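The values are calculated or read from the model by the stated rules, or taken from the named source; none is laboratory data. Please read all numbers here as calculations on a predicted model, not as lab measurements. Heads up, the Cβs are rebuilt from the backbone with ideal geometry, glycines too, and the neighbour counts pull from every protein chain shown. Heads up: the accessible areas ignore ligands, DNA and RNA and are worked out on the full protein's heavy atoms, side chains in. Shrake-Rupley method; radii C 1.70, N 1.55, O 1.52, S 1.80 Å.
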Amino acid sequence: MKSRYLVNVFASALLSIPSLSLAADLKVVTSFSVLNDLVQEVGGEHISLTNLVAANGDAHVYQPSPLDAQAVAEADLLVVNGLGFEGWMERLEQSAGFKGVKVAATYGVDLIHLDDEDEHHEEGHHDEDEHHDEEEHHEEDEHQDEEEEAHAEEHHHHGEFDPHAWHSVTNVLVYVENIRAALVQLAPEHATEFNQNAKDYVKALKALEKDLTQKMSQVPENKRNVITSHDAFGYLAREYGFNFTAPQGMSTEAEASAADVVKIIKQIRKDDIQAVFVEKVSNSRLIEQIARETGAKIGGELYADALSSPNQGAGTYINMMQHNISTLVKALSN
Ligand SMILES: [Zn+2]
């Protein structure tokens, strides 16, 4: 007993000695509010964290500021969602002269492949590593020739995969693991804390997942058709067996066409959809018009691509998921 105590004292003394208390914290930059929350949970007080697209911001159409460029220039680690979600990021990295490590939090996630006209792209693209390779490829080949550049741009613009992967808690467990691994690698002196933080957070996420699954199972099968402004909830739909339709498509960049709106209105009437949902960040005018014309009620407000500010009830990832699921269940269960 006595010797064990001594060993413990020795070990903890060792841990407290390092000169690292003098070293600057790892500088981490996240692209948007959801990642900011996840990285904060794992990094705790041992990192210096800057976020780019703030709460209630729209990452699809974001325009980086000079302050953002400065933060990226100084960053040791840049955590992005990837999959074309932050279309402005590569240019920002270049203009800032980013020299740190970039991690796509979606690496290894079971992605939703978007079936578009490009059938020939399908083959071999089910490999989960594919988009990671693409990320790296982009990073290393900054000076690729014009043609290839244009092709890559186009690729990202169309989007091969649905980028909104954080709307599945199962996926976010993967995000957290990627974040943990990156932090441990870049600041190994805090590995114990990062690992413990990640373990605690994963426990909370698993409890959340259980709770959400139980709640969503209460919605009758014939009431699981949902309309939102833009196609942000594909992963949530897949997880719980819902159908989400949106006039605006995968990005908020493009306006919905009149034909898209007519199509949705027809679908609402045909499928007897009772509720449509507005998104906090996207323009709600379109959804309001659709509700008026079909008599469908507005079921509430969902958080799609950003957290709310702390006092609005969706200031953390966990609160955002709880808010969205409660809103859906409440509107669709009666
Ligand atoms: Zn989106």
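Based on the mean of other Cβ atoms within 10 Å per residue, sort peptides 229-237, 254-262 so the most packed one is first.
229-237, 254-262
So if the hydrodynamic radius of the range 183-306 is defined as the Kirkwood radius over C-alpha pairs, what does Stokes-Einstein give as its diffusion coefficient at 37 °C and 0.692 mPa s, in µm² per second?
Rounded, D is 198 µm²/s.
Sort the following peptides by mean Cβ neighbour count (other Cβ atoms within 10 Å, averaged over residues), highest first: 45-56, 76-87, 28-39.
28-39, 76-87, 45-56
Counting only heavy atoms of the protein chains, get the accessible area per residue of the range 277-334 (1.4 Å probe) and round it to a whole Å² value.
42 Å²
What is the local net charge at Asn197, summed over the other residues whose Cβ is closer than 14 Å to its Cβ (Lys, Arg +1; Asp, Glu -1)?
The answer is -3.
Once amide H atoms are placed 1.01 Å from N in the peptide plane, what residues at a sequence separation of 5 or more from Asn243, or on another chain, have their amide H within under 5 Å of its amide H?
Placed amide hydrogens put Asn225, Val226 under 5 Å from Asn243.
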